Amino acid sequence: MSEMKFSKKPGAKEKRYEHIIDAAEEVLIEQGYENSTFNDFAEKANYNKRTLYLYFPDKDDLFAAVIMRILSRLSEHVESNIDTSKSGLDTIIDMVRAYFSFFYINKAYYKLLWSYEDKYFLFAENRHESANINKTYHIRRKNIELISDTYQRGLKDKSITVKQDPNLVITLSWSQTLGVLQLITRAENMLMKNYNVNTDKLIEEQIKQVKMKLTEDA
């Protein structure tokens with residue numbers, strides 16, 4: 001393999017960083033985390049492994065960098081599709097719609113994130129010192145806090161009327177939403193063929209269920 005030559009122009013280092021993440025993302029989508037190696041990433045990027053090590057200490061850190069970029073894009077998508085002048089309930093419903101629209105368009109991203117969740121808990125238990133893994137912790141907490149803060153705002157403006165423990169309600173609603181995301185990203189054709197379940201109707205039904213859960217004590 002003839003390695004790509006380095007440019008010394010301003011911003012070239014940042015472009016190389018993004019190019020490596022692009023290559024790793026492509027490999028991870030095609031092969032999955034377990035079947036991918038640092039050599040695979042280097043070959044796809046047209047760099048040798050030494051070059052990759054200048055930017056990423058190991059495979060896990062590079063995987064986390066891919067996930068970090070996906071989470072950043074997801075956050076941008078959600079924030080651009082919500083209106084915080086709306087009630088807390090309507091904002092949460094807009095968030096759910098934004099999550100569905102993002103992952104329906106980017107099904108491969110959801111599969112990567114699901115794979116990372118297994119690693120996320122493992123890394124947390126092992127106190128991994130990877131900079132990019134720590135960044136994913138931060139943005140993940142930020143996303144959870146946005147949902148939690150919006151829920152509290154809904155309680156204050158009385159658009160959300162449930163009296164149960166907020167953490168329990170959010171966890172249950174979010175778990176159900178993740179389950180539906182699993183179905184539409186992994187088994188969309190099977191749902192239609194075997195059960196005659198349309199994806200759009202399934203999404204709308206889940207949104208209706210979330211709304212009912214948040215207003216069931218009204």
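The residues listed here are LYS208, LYS193; of these, the one that is at pLDDT 90 or above, in a helix (DSSP H, G or I) and farther than 22 Å from SER75 by Cα is LYS208. The sole residue among SER80, SER72, SER85, SER36 that is outside the structural domain of GLN209 (by TED's automatic domain parsing) and of a type in the set (Ser, Thr, Tyr) is SER36. Considering only residues in the stretch 148-175 that are at pLDDT 90 or above and in a helix (DSSP H, G or I), the one that is surrounded by the fewest Cβ atoms within 10 Å (Cβ to Cβ) turns out to be LYS156. Against the test of being modelled with pLDDT under 90 and surrounded by 14 or more Cβ atoms within 10 Å (Cβ to Cβ), the options ALA218, ALA131, ALA187 yield a single qualifying residue, ALA187.
Can you find a residue in the stretch 63-84 that is more than 30 Å from ARG153 (Cα to Cα) and of a type outside the set (Gly, Ala, Ser)? So far as the stretch 63-84 goes, yes, one or more of its residues are more than 30 Å from ARG153 (Cα to Cα) and of a type outside the set (Gly, Ala, Ser).
Residues that are surrounded by 17 or more Cβ atoms within 10 Å (Cβ to Cβ), touching a residue at least 12 places away in the same chain (Cβ under 8 Å) and under 29 Å from ALA23 (Cβ atoms) do occur in the stretch 78-94, at least one of them.
Within the stretch 81-103, is there a residue that is among the aromatic types (Phe, Trp, Tyr), over 22 Å from ASP200 (Cβ atoms) and not in a loop (DSSP other than H, G, I, E, B)? Among the residues of the stretch 81-103, not one is among the aromatic types (Phe, Trp, Tyr), over 22 Å from ASP200 (Cβ atoms) and not in a loop (DSSP other than H, G, I, E, B), which makes the answer no. Checking LYS107, LYS158 one by one, the residue that is out of contact with any Leu (no Cβ under 6 Å at 6 or more places or on another chain) and farther than 15 Å from ILE70 by Cα is LYS158 and no other. Within this structure, GLU18 fails the test of being surrounded by fewer than 15 Cβ atoms within 10 Å (Cβ to Cβ), under 22 Å from the mean Cα position of the chain (by Cα), modelled with pLDDT under 95 and not assigned by TED's automatic domain parsing to the domain that holds LYS107. Residue check: LEU52 meets all listed conditions (1) in contact (Cβ under 8 Å) with a residue 24 or more places away in the chain; (2) under 30 Å from PHE100 (Cβ atoms); (3) part of a helix (DSSP H, G or I) but one, namely (2).
The values are calculated or read from the model by the stated rules, or taken from the named source; none is laboratory data. Source: prediction; values computed, not measured. In this analysis, Cβ positions are derived from the backbone assuming ideal geometry, glycine residues included, and neighbour counts consider all displayed protein chains.
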